[in-house]
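Asks: Structure below; questions to follow.
The values are calculated or read from the model by the stated rules, or taken from the named source; none is laboratory data. Computed from a predicted structure; not experimentally measured. Please note: Cβ atoms are built from the backbone with ideal geometry, for glycine as well, and neighbour counts cover all protein chains shown.
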Amino acid sequence: MMLRRLNKIYLQDQWAISLSKMDESQLLSNLSELNSEKVRIVAAKKLGVVNNQISREALVDTLGTLNSFVRDAVVQSLVRIGDVEFLCNNMNNEHRYVRRGIVQALGELGGEMACKILTESLKDREWGVRMYAAESLGKVGNRSHIPKLNPLLKDEHEWPRRVASLSIKELE
């Protein structure tokens, strides 16, 4: 039983290594929920290097996955790509994990456009998006963003309140 498990892990590792030699269409197909976590993570990271419209759209779509490790890899790739305008234009996505991932990436990239979207996201209907927007503003914002964070101190959910408080302290 243990040997079978080790063999499976070895095969998954070999599959992930072979991804480095794949073309874009293979990488896009490897983002599928049908593949293992490791395969999906490697594909997401490789697509961050490809950096074209198709790969950017596929990465944003993949932010909707339930797998947080895959989402983290996608955020890293979106940061590597660095297309703030593309990310901002996708903030109207209906999926909360997509909006969360975008605000996380914007919090690494910064800039005037990113901060504008982050302040708008402080009013998102989903508390997780509000929380990550507050965290991101704490990283890339400035003192002028403190009044925008203050209403979150009275948010109905605990985590946006906590993170807003920490971000305000960072910006003071």
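Asks: Got at least one residue in the range 58-69 being surrounded by fewer than 22 Cβ atoms within 10 Å (Cβ to Cβ), touching a Leu at 6+ places or on another chain (Cβ under 7 Å) and part of a helix (DSSP H, G or I)?
Replies: Taking the range 58-69 and keeping what is surrounded by fewer than 22 Cβ atoms within 10 Å (Cβ to Cβ), we get 58, 60-61, 64-69.
Next, from what is left, pick out any that are touching a Leu at 6+ places or on another chain (Cβ under 7 Å): 58.
Right, trim to part of a helix (DSSP H, G or I) and you get 58.
Yes, some residue in the range 58-69 is surrounded by fewer than 22 Cβ atoms within 10 Å (Cβ to Cβ), touching a Leu at 6+ places or on another chain (Cβ under 7 Å) and part of a helix (DSSP H, G or I).
Asks: Please indicate, with yes or no, whether at least one residue in the range 27-48 is closer than 20 Å to TYR132 by Cα, at pLDDT 90 or above and not polar (S, T, N, Q). Step through it out loud before you land on a result.
Replies: The initial filter retains those residues of the range 27-48 that are closer than 20 Å to TYR132 by Cα, namely none.
Looking through the range 27-48, none of the residues is closer than 20 Å to TYR132 by Cα, at pLDDT 90 or above and not polar (S, T, N, Q).
Asks: Here's a check for you: in the range 123-172, which residue that is basic (Lys, Arg) and surrounded by 13 or more Cβ atoms within 10 Å (Cβ to Cβ) is nearest to ASN92 (Cα to Cα)? It would help to see each step written out before you state the result.
Replies: Restricting attention to the range 123-172, the residues satisfying the condition of being basic (Lys, Arg) are 123, 125, 130, 139, 143, 148, 154, 161-162, 169.
So of that shortlist, the ones also surrounded by 13 or more Cβ atoms within 10 Å (Cβ to Cβ) come out as 130, 139, 148, 161-162.
Values: ARG130: 14, LYS139: 22, LYS148: 20, ARG161: 23, ARG162: 25 Å.
Result: ARG130.
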